[in-house]
Amino acid sequence: MRSKTKARSKKQQSGPADVDPWREILADPEIMSRRTPADLETDDIASDGDAAWFLAHPGERMRARHPLNGEFAWATPSGCDCYAVLVFEVAPGVRARGPLFRPLAPSEVN
């Protein structure tokens, strides 16, 4: 009985916190090759804006915002739209960004 409890505890510890949703995207050279100089410029602009926001809001550790025009376009799945970006400040000056996608309605598909 005790070993099952330990096994569950270990399983619970390796839950969602250990899952990297970007692992598959970042490991796929075809997806990563879609990034253009414009994407890198957009990343820089977004990073600068997020840095300024966290400096102006020192007690905050998370921010949800609208994506910049073209932000995460390279990672957006077909038939989806990036409708928000979550930004986490994990340490002063160290941030992580992640997109939130939504499926497009049939009327929105070109």
- May I ask you to say which residue of Pro58, Pro99 is in contact (Cβ under 8 Å) with a residue 12 or more places away in the chain and not in a helix (DSSP H, G or I)? Pro99
- Item | Qualifying residues in region 66-79 (those that are surrounded by 14 or more Cβ atoms within 10 Å (Cβ to Cβ), touching a Phe, Trp or Tyr at 6+ places or on another chain (Cβ under 9 Å) and not aromatic (Phe, Trp, Tyr)) - the one nearest to Arg35 (Cα to Cα) | Ala75
- Consider only pairs whose beta carbons are under 6 Å apart and that are at least six residues apart or on different chains; among these, list those whose first residue lies in region 36-55 and is closer than 11 Å to Leu68 by Cβ and without any contact (Cβ under 8 Å) to a residue 40 or more places away in the chain and whose second residue is surrounded by 11 or more Cβ atoms within 10 Å (Cβ to Cβ) and acidic (Asp, Glu). Thr42/Glu71
- Item | Residues located in region 39-55, provided they are loosely packed, with under 12 Cβ neighbours inside 10 Å and either assigned to a loop (DSSP other than H, G, I, E, B) or of a type in the set (Gly, Ala, Ser) (or both) | Ala52
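Where a number appears in this text, it was derived from the coordinates with a stated rule and is not lab data. Predicted model, so just to flag it, every value in this text is computed and none were measured. All Cβ positions, even for glycine, are placed from backbone atoms using ideal geometry, and neighbour counts span all protein chains on display.
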